[in-house]
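Throughout, read-outs are computed from the coordinates displayed, never taken from laboratory work. Bear in mind the structure is a predicted one, so any value in this text is a computation, not a measurement.
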Amino acid sequence: MSDAHGAPPRSSPVTTSDVLTLQVGNQQLSGWQRVQVVRSMDSVPASFDIQVTEKYPNTADVDLQAGQPCTVTIGGDLVLTGYVDAYTAEVNASTHTVRITGRSKSQDLVDCSAFIGDRDAPSFQVKSGTALSIAQAIAKPYGVTIQSMAGDGASVLQFNINLGETCWEIIDRLIRVSGFVAYDMPDGSLMLARAGTDKMASGFAIGQNIEQANISYSMSGRFSDYQGEFLAVVTYGVGGQLTDSSAGPVQHDQGVPRFRKRFVVSEQMSDGISLAAQRALWERNHNYGRSQMFNVTCDSWRDSAGKLWAPNHLAPISAAVLKLADASWVIGGVTYTRNEDGQHATLILMPVEAFSVEPAVLNPLPPLVQDVEHNNPTKPQTSDLNLPSDRGAQAGGVIT
């Protein structure tokens, strides 16, 4: 491993502020030789993988079982609250190795089936609510708290759980309707938010804290014109005339140097036209954001203010040698690592548009039923999707 100038990595020394401690019951275990903690905006739950090798076996020092509740702290900072997934011990003629892996509390939302109410008398229907309140009700039986920095989300007239669906499959649909992202918090709760709502005190710069970095710029997934369509087939209207299924203006990506057309079809019976237009805008922004990815390894787990690097935080980047100078991108994921090569933080950063949320509807009702629902003034209306607006293009094809 080397930095951008070919120099070997400069691993920062382990200080008391960076000691990783696993607490299980009354046991506080530290002194791990290999450490990996992963937090990400693209995957739930957060996870840890820690290992220690002892020259002389002493299993009494590590007395725990799979399934036990645990917390992981770095220095005085809580980074993960969850459960031990696996305890693995290995012994040979010279060493005794203990490895412990686990995930945050939200693992039960990803693994387990959804229902509402009492575990012995489950319910599978919600008469009305918001995206936040329904997600909270689904998570409650598994002891997971869901909070939001972006309000309650979309209003829902009625919601039915399909038997066997996982909690996360439902929560994922709810946050898509509301334009939220979701990620684990250190206390084991799930946070709903808009992308890029917080900032780190510092970022990453060549010659300062960057050990190794690479960036990729791709044009393969981008298109010059995005046209929203709510049907994939041409239909006939009154008088036998062909009807136009297009929805909204064509969304242009000025950063694409040649003509590349993309039809974005929503195929939704409910709210078809507006959803198709929103999906065309989303796909343009999302494809732009995902076409650029900055991977960096730095020499500290913390920013200049002593705060641990964390997902969904904007961080400045100064790497002119990689054609990226004075940018401010969102931390999509961070991995805290300690092993034979020393202590490092590995991060993925992308433009905020990369984390925009694909529009969706929860209950695609037939048109007649949908009209009745929307024309009934006594029932709450589903809120509009809050997606990035079409703010044009800046120099260099940067869409914001």
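So if I take the centroid of the Cα atoms in segment 101-139 and the same for segment 301-336, what is the distance between those two points in Å?
Using only Cα atoms, the two centres lie 33 Å from each other.
Stokes-Einstein D for segment 109-193 at 4 °C, 1.567 mPa s, Kirkwood Rh over Cα pairs, in µm²/s? Walk me through the intermediate numbers first.
Numbers: Rh = 12.7 Å.
In µm²/s, the coefficient rounds to 102.
Please give the length that would be gained between A325 and T166 if that part of the chain were fully extended, namely 0.36 nm times their separation in residues minus their C-alpha to C-alpha distance (nm, one decimal).
Gain on extension, A325 to T166, equals 53.0 nm.
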